[in-house]
1. In peptide B:298-308, how many Cβ atoms from other protein chains are near each Cβ within 10 Å, on average?
2. If you place +1 on the Cβ of every Lys and Arg, -1 on the Cβ of every Asp and Glu, and leave all else neutral, what size is the dipole of segment A:3-207 about its Cα centre, to the nearest 20 Debye?
3. DSSP beta bridges in segment A:3-207, what fraction antiparallel, as a percent rounded to 5?
4. Shape call for segment B:4-146 from the C-alpha gyration tensor, a ≥ b ≥ c root eigenvalues: rounded (a/c under 1.5), prolate (a/b greater than b/c) or oblate?
5. Expressed in whole Å with the largest first, what are the equivalent ellipsoid semi-axes of the protein assembly as shown derived from the C-alpha gyration tensor as the square root of 5 times each eigenvalue?
6. Using the Cα centre of segment B:268-320 as the reference point, and only Cβ charges (+1 on K/R, -1 on D/E), how large is the resulting charge dipole? Debye, rounded to the nearest 20.
7. Mind sorting B:LYS252, A:LYS52, A:LYS200 by how few other Cβ atoms lie within 10 Å of their own Cβ, fewest first?
8. Considering chain A as a Gaussian network with a 10 Å cut-off on Cα pairs, which listed residue, A:GLY132, A:GLY166, A:GLY57, attains the greatest mean-square fluctuation?
Amino acid sequence: MSLDVLVCVKRVPAPGAKVPLTEDGRDIDTRHLGFTIGPHEECAVEEAVRLKERHGGSATVLAVGPPEVAEQVRYAIAMGADRGVVVDTGQDELDPQATAAAIVHALGELDARFDLIMFGNESADAGHYQVGVRVATELGWPIVGGIKGIEVTDGGVRLRREIADGSEVYQLSLPAAVAVKEGLNLPRYPSLPGRLKAKKAKLDTISWQPPPGGLRKIRLRQPEEKRADSVLLGHGPEAAPAVVDVLEELGVC
Amino acid sequence: MLLLVVQVDDHPAWLDAVQLARGLTDDVHAVLFDASRADELAKQGIKAAHVVEHDVLSDYAPEAYGEALAQLVGELQPSGVLAVGSEKGNEVMAHLAARMRAPFAANCTQISGTGRPWLITRIRGGGMLLEDAEMDAGCGVFTVQPGAGTGAETPSTVDQVDVRRFTPDLRDELARTRVIERTEREAGVSLATADVVVSGGRGVGSAEGYRVLEELAELLGGAVGCSRVATNNGWRPHSDQVGLTGTKVAPKLYIACGISGATQHWVGCMDAKAILAINTDPDAPMVTRSTYSVIGDLHEVLPAVIAEIRARNASAGTSG
Ligand SMILES: Cc1cc2nc3c(=O)[nH]c(=O)nc-3n(C[C@H](O)[C@H](O)[C@H](O)COP(=O)(O)OP(=O)(O)OC[C@H]3O[C@@H](n4cnc5c(N)ncnc54)[C@H](O)[C@@H]3O)c2cc1C
Ligand SMILES: Nc1ncnc2c1ncn2[C@@H]1O[C@H](COP(=O)(O)O)[C@@H](O)[C@H]1O
């Protein structure tokens with residue numbers, strides 16, 4: 001059974017040890033940062049490519065945002081996706097209702113039909129935990145989140161989710177949506193031919209301004225840090241007795 | 001009135017949600033999917049509990065849970081609905097909000113205001129940043145970040161909880177996303193609950209390099225963790241990964257070996273009571289933000305620490 005899969009990915013900043021903010025505190029200062037897609041979504045792209053390789057069909061990638069999201073869509077094509085869609089809203093970050101509306105709108109505009117739509121469990125920067133559920137609800141499709149295993153069965157997908165004390169299984173018939181987590185697979189690095197193909201790929205662009213949703217970001221702040229200065233226990237193996245003293249003090253040894 | 005969904009996945013942080021709700025009003029009603037929890041509610045000053053009952057809800061079913069809540073909200077007309085910001089708490093509240101076509105703010109640490117608008121603070125990036133936001137909604141849908149409660153006792157204002165039954169009208173079709181099978185994990189030290197986590201990053205250098213971390217973890221009765229670099233290199237399974245897209249840990253001691261301390265890793269270990277960083281670079285963020293540090297090659301430091309523990313255990317054994 002061949003599957004046509006759509007993966008929704010978000011362009012997010014990839015900060016290092018500190019997250020720099022703009023002066024007015026409204027956003028992350030991205031002038032010196034690279035961008036990426038979140039690990040959950042990278043696994044979604046990998047899974048879509050594997051499903052196509054194993055069962056036939058196609059893998060399409062879609063991102064909503066400013067025109068720069070094309071960079072992340074091309075990365076997914078370099079990983080093996082066939083087709084890329086940019087939903088150009090002109091804006092950096094929409095609220096989750098507007099993002100979902102933009103995805104639903106794009107689905108109506110595209111000439112393709114999908115059997116499975118994949119999302120990340122939550123976006124890496126905002127973590128709203130809802131865009132996938134909103135899209136699926138609007139389409140009337142089933143969706144389950146937290147998924148770390150996908151198996152194609154007769155007419156559907158068998159999904160595995162890890163919980164604190166074990167795991168759960170769900171069985172969905174297609175069409176369906178799924179929100180996945182890192183650990184689903186080990187994503188490949190794009191190959192050189194993949195990168196060349198991605199560079200040349202023609203992306204579909206849909207320009208659309210969704211109506212705003214009801215959650216309005218006012219400003220971002222750094223969380224407080226309570227930790228005091230680090231106590232240097234020593235250099236190299238000579239520090240071992242001091243380390244074990246600390247272990248004993250903490251009652252873990 | 002605020003509606004508090006106590007029980008989606010029995011997350012202990014429901015008390016944090018109680019505290020945020022009680023901070024807004026004394027008029028809090030609970031939603032339960034199983035009546036046996038009703039007794040605990042009086043202590044928290046919760047006046048009424050609505051026990052949702054339906055065959056389709058016989059096991060976890062995110063769509064059916066969301067639809068049942070939407071019907072309850074339609075009947076009770078609360079000013080807001082809260083749940084714990086656990087994985088399933090967020091999932092069910094997203095379903096509720098999608099059905100209500102209302103906004104939903106996940107992982108809030110503060111909620112104030114009256115709806116037009118609500119003023120909230122929520123965490124982003126697993127705790128990398130805080131976001132202040134306005135939410136324009138008649139009925140607000142929120143989840144509460146575990147740990148966001150004040151920790152203060154909630155003064156009880158009720159002796160007896162008024163327990164009411166609510167039977168939603170659920171189409172059979174909603175059973176399509178219900179759990180069909182469960183397996184339990186074998187008991188053992190789990191990363192999420194271990195007292196000590198010995199964690200390794202790129203500095204470990206190879207899959208075999210983790211043997212010394214495993215040895216130390218075993219000596220201390222702890223678990224082994226890792227950074228995303230280790231997972232991506234195939235040195236460790238993803239179930240060992242600590243951080244934003246891995247497991248969040250809060251052990252007594254987190255030993256970070258050859259991990260630089262990128263924010264996405266930091267948010268997974270920042271709740272540890274103490275952090276010991278072992279790193280060749282004294283300026284690595286993990287070192288400067290740690291409680292204790294050793295500067296050096298982990299492959300020299302860890303064997304020495306293991307030898308020291310063994311020596312002390314042996315002499316304790318002979319003398320005692
Ligand atoms: C959206 C997103 C989500 C992410 N989620 C996660 C996540 O959940 N978890 C996570 O860990 N990362 C995550 N990352 C990746 C994160 O940004 C970093 O890339 C990663 O944490 C770095 O891993 P590291 O510290 O092992 O490697 P590096 O940053 O390369 O650091 C290696 C450290 O080892 C030290 N070292 C080297 N050799 C030795 C030696 N012999 N002895 C002692 N010290 C030595 C070095 O001085 C250095 O400090 C995420 C990134 C993004 C963009
Ligand atoms: N701007 C976007 N473009 C495409 N997909 C998105 C966008 N924002 C969120 N998503 C998808 O929705 C998932 C959940 O996002 P969120 O609700 O923000 O946590 C993400 O992992 C993506 O798969």
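1. Across the residues of B:298-308, the mean count of other-chain Cβ atoms within 10 Å is 5.
2. That gives a dipole near 760 debye.
3. About 40 percent, rounded to the nearest 5.
4. rounded
5. They are 38, 32, 23 Å, listed from largest to smallest.
6. Approximately 300 debye in magnitude.
7. Fewest-to-most Cβ neighbours within 10 Å comes out as A:LYS200, B:LYS252, A:LYS52.
8. Result: A:GLY166 has the largest fluctuation of those listed.
Readers should treat all values here as calculations from the given coordinates under stated rules, not as data from a laboratory. Since this is a predicted model, take the numbers as computed values, not measurements. Heads up, the Cβs are rebuilt from the backbone with ideal geometry, glycines too, and the neighbour counts pull from every protein chain shown.
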